[in-house]
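Worksheet: the structure to be examined is printed underneath.
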Amino acid sequence: MDIDELLDIVKQHNIDAVHPGYGFLSESPKLARRMAEIDVMVVGPGSENLDRTGDKLQARLLAVECQVPVLPALTEPTGRVDVVQLFVEKVGLPVMVKAVDGGGGRGIRLIRNLEDLPSLVERAIAESPSKKVFAEKAAIDGFRHVEVQIVGDGVGNVMHLWERECSIQRRYQKIVELAPSTVVNHKVIKPVIEAAVRMAEKVGPRTASVTRSLMSSRSSTPPSGHSSSCSTLRLRNSSSWRSTHDCKWSTP
């Protein structure tokens, strides 16, 4: 979709608000910024929040800033297989490769052996609109996918609406959501909820959001590692605001 063409339509028909829907330009900070320049409201979090959370790496940096534990990851996007290879040599396998601007399960590849690395990275790059990916240490077998619902009023007030579990997935897409989560000891959910609120308070959303965390039930150690595959603060420029700050939390 062409932003300039949308601007022409808005001006021609004296439109004062635009709902971008889902996909396409819904996560584009440029669209929100250009519309704001002509006093047209785009329903969603706004360009500043999208700049901070629409990109997975920027969202991960936000998590670090809010003292949310994260897993080892590349700190700069890349379009090169050899950069990912060097990262794997440093942190070991398995590793998750993701398009920095992907969504809907696109641009995600799990690397379990070095033989598959070149082809999987190339496919992830090909599915990225910007042709850029990043890699992080994978938190996979035995982990639960737990989300926290957040709402904010845009002037600093943020609250959570508890959590739900979305561990049943196919091709990185959720199939079933359970509320509350099936974690037996609910005390281990508390730090996940607190992290979600801290990140939301930092960016001041004016819509609803979701943070997504990975939780292990195989260990009694304290929280360790925040992965961006399921918990970095990420906003979508629509009526719903999503944060994908993939944290790894260990649960008893």
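Bear in mind that the values in this text are calculations on the coordinates, not laboratory data. Given the structure is predicted, the values throughout are model-derived calculations rather than measurements. For neighbour counting, all protein chains shown are included, and Cβ atoms are generated from backbone atoms with ideal geometry for every residue, glycine included.
Counting only Cα atoms, I'd like the Rg/Rh figure for region 1-140, Kirkwood definition for Rh.
Reported Rg/Rh, Kirkwood definition of Rh: 1.08.
Place the peptides 5-11, 58-64, 24-30 in order of packing, highest mean first, counting for every residue the other Cβ atoms within 10 Å and averaging per peptide.
Per-residue mean Cβ counts within 10 Å order the peptides as 58-64, 24-30, 5-11.
Here are some pairs, 137/190; 131/174; 98/131; 56/98; 98/202; 30/56; which of them have Cα atoms lying more than 19 Å apart in this structure?
137/190; 131/174; 98/202, as the Cα separations exceed 19 Å there.
From the Cα gyration tensor of region 50-94, with a ≥ b ≥ c the square roots of its eigenvalues, which class applies: rounded if a/c is under 1.5, or else prolate if a/b is larger than b/c, or else oblate?
Here region 50-94 falls in the oblate category.
Considering just Cα atoms, how many Å³ per residue does the convex hull of region 81-137 enclose?
62
Starting with the highest mean, order 170-176, 106-112 by the number of other Cβ atoms within 10 Å, averaged over the residues of each peptide.
Highest-to-lowest ranking by the protection proxy: 106-112, 170-176.
May I ask you to order 186-194, 202-210 by the average number of other C-beta atoms within 10 Å around their residues, highest value first?
Result, highest mean first: 202-210, 186-194.
What list of ³J(HN,Hα) values in whole Hz, one per residue of region 65-70 in order, does the Karplus curve 6.51 cos²θ - 1.76 cosθ + 1.60 (θ = phi - 60°) give from phi, with Gly and Pro shown as x?
4, 8, 6, 9, x, 10
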